[in-house]
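Contents: one structure, followed by commentary.
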Amino acid sequence: MILQLDPGAGAQELAAIEQVLGQHGFRPTEVRTQAGRYLVAIGDREIDLRRVGHLAGVRDVHRVSDAYKLVSRKWKVGATRVDLGDGVEVAEGSLALMAGPCSIEDETLARGTAEFLQRQNVRIMRGGAFKPRTSPYSFRGTGLEGLKMFHRVAREHGLKVISEVLEISQIAEMYDYVDIYQLGTRNSQNFSLLNELGKVDKPVLIKRGMSGTIEELLQSAEYVFSSGNEKLMLCERGIRTFERASRNTLDLNAVPILKEKSHLPVVVDPSHGIGLRRFVPAMALASIMAGADGLLLEIHSDPERAASDGSQTLDFSEAERLFREARATLNLRENK
Ligand code: PEP
Ligand code: MN
């Protein structure tokens, strides 16, 4: 059960609400976010919602039977719109395009990419500064200095930045240089990192763990929400299955299922999802028809020479064509 509280509810009112909940076998946790105040009450007994709905300090009360609560669609009427400012948002009914190199490399690449995206009216540039690599001998990113340069170039072109955060200490370091923190598949259940991301007032995109279930992804989002941050997006990026013909198995089933279960926007990353450049556009378009609210794409002026993930990275002419087809596909989906 979720109780939305009045922002001004006092300690006495709270104690009275908690007492009634306790009497009915519910264990309440108070959650304060930048947007609201809630009591998440866990319990398995039936309760007449009117017993708590009329109490002072309670604005609204909702029954949510799912294991995750605050990220569930059961209590929130409208879908969450993540507002990045300057008219850029990730929201249901539209398609947020996010594109850029896997890794931030040099300023020439950043500039070329930013100019291209601006021409294409794509408003969000991706690029990893801290790269989680399977081998310690692979390129591990240009770090904070690279991110500062990337952000400066992005701003010169009116773009927002999404970049992966690998550890807690980087949250503060990156703060001024990102508009969205990307939480990677390898950290999808790093609960201490999730908790800390709940304390910042910037959007977080949570990727599904490569061996994670849909429910585990929702629970990861619940961690961030319950520690204070409602500006969340979920990302399907492929899971590891027995199949070896593609890098991962892009689980497009997850898109409509997540959309039904949660009010959060759902983004798909077909680049990591299939891992094969020639099939990325098809999977991107399929993601849109499955209901995605956004796409996260790896693009590079010269994919063959990319510092990482070149084999799943589109060049600019492939990207230009995909952006055009993606917009047409969105129109088809939305019947415009
Ligand atoms: C990436 O976006 O470059 C990345 C490392 O993604 P993932 O966490 O999905 O592997
Ligand atoms: Mn990558």
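The values are calculated or read from the model by the stated rules, or taken from the named source; none is laboratory data. Fair warning: this is a prediction, and the values are worked out from it, not measured in the lab. So basically every Cβ, Gly included, is an ideal-geometry build from the backbone, and we count neighbours across all protein chains shown. To get the accessible areas, we keep the full protein, side chains included, count just its heavy atoms, and leave off ligands, DNA and RNA. Shrake-Rupley method; radii C 1.70, N 1.55, O 1.52, S 1.80 Å.
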Take Val122 and decide whether it is on the phi < 0 side of the Ramachandran plot and touching a Lys or Arg at 6+ places or on another chain (Cβ under 6 Å). no
Picking from Asp251, Asp269, Asp201, the residue that is farther than 17 Å from Val90 by Cα and among the acidic types (Asp, Glu) would be Asp251
Is the stretch 204-215 home to any residue that is closer than 25 Å to Gln120 by Cβ and touching a residue at least 40 places away in the same chain (Cβ under 8 Å)? yes
Specify which of the listed residues (Ser169, Ser135) is free of Cβ contacts under 8 Å to residues at least 24 places away in the same chain and open to solvent by 50 Å² or more (accessible area, probe 1.4 Å). Ser169
Just to be sure I understand, how many residues within the stretch 70-112 are within 16 Å of ligand 1 (Cβ to nearest atom) and either of a type in the set (Lys, Arg) or modelled with pLDDT under 95 (or both)? 0
State all residues of the stretch 255-268 that are outside any loop (DSSP other than H, G, I, E, B) and surrounded by fewer than 23 Cβ atoms within 10 Å (Cβ to Cβ); if no residue qualifies, say none. Pro256, Ile257, Lys259, Glu260, Lys261
Give the stretch 88-109 a look and list any residue that's within 16 Å of ligand 2 (Cβ to nearest atom) and either more than 22 Å from the chain's Cα centre (by Cα) or open to solvent by 10 Å² or more (accessible area, probe 1.4 Å) (or both), or say none. Glu105, Leu109
From the list Asp44, Asp48, Asp60, Asp66, pick out the single residue that is open to solvent by 40 Å² or more (accessible area, probe 1.4 Å) and either touching a residue at least 60 places away in the same chain (Cβ under 8 Å) or in a strand (DSSP E or B) (or both). Asp60
Given the criteria of a type in the set (Lys, Arg), open to solvent by less than 50 Å² (accessible area, probe 1.4 Å) and in contact with a strand residue (DSSP E or B) (Cβ under 8 Å, 6 or more places away or on another chain), does Arg81 qualify? no
Looking at the stretch 277-290, can you tell me whether even one residue there is away from ligand 2 (no atom under 13 Å from the Cβ) and in a loop (DSSP other than H, G, I, E, B)? no
Members of the stretch 294-317 found to be in a helix (DSSP H, G or I) and more than 16 Å from ligand 2 (Cβ to nearest atom), listed by number: Phe316, Ser317
Residue among Arg186, Arg140 that is in contact (Cβ under 8 Å) with a residue 40 or more places away in the chain, within 13 Å of ligand 1 (Cβ to nearest atom), surrounded by fewer than 21 Cβ atoms within 10 Å (Cβ to Cβ) and of a type outside the set (A, V, I, L, M): Arg186
Glu105 passes all but one of (1) under 30 Å from Arg59 (Cβ atoms); (2) touching a residue at least 60 places away in the same chain (Cβ under 8 Å); (3) touching a His at 6+ places or on another chain (Cβ under 9 Å); which number fails? (1)
For the stretch 236-258, what are the residues that are touching a residue at least 60 places away in the same chain (Cβ under 8 Å) and away from ligand 2 (no atom under 15 Å from the Cβ)? none
Quick check: anything in the stretch 219-226 open to solvent by less than 60 Å² (accessible area, probe 1.4 Å), among the aromatic types (Phe, Trp, Tyr), assigned to a helix (DSSP H, G or I) and in contact with a Lys or Arg (Cβ under 7 Å, 6 or more places away or on another chain)? no
Enumeration of residues in the stretch 110-121 that are of a type in the set (S, T, N, Q) and open to solvent by less than 20 Å² (accessible area, probe 1.4 Å): Thr113
Which of the residues spanning the stretch 17-41 are surrounded by 15 or more Cβ atoms within 10 Å (Cβ to Cβ) and either in contact with a helix residue (DSSP H, G or I) (Cβ under 6 Å, 6 or more places away or on another chain) or over 21 Å from Val224 (Cα atoms) (or both)? Ile17, Glu18, Val20, Leu21, His24, Phe26, Pro28, Val31, Ala41
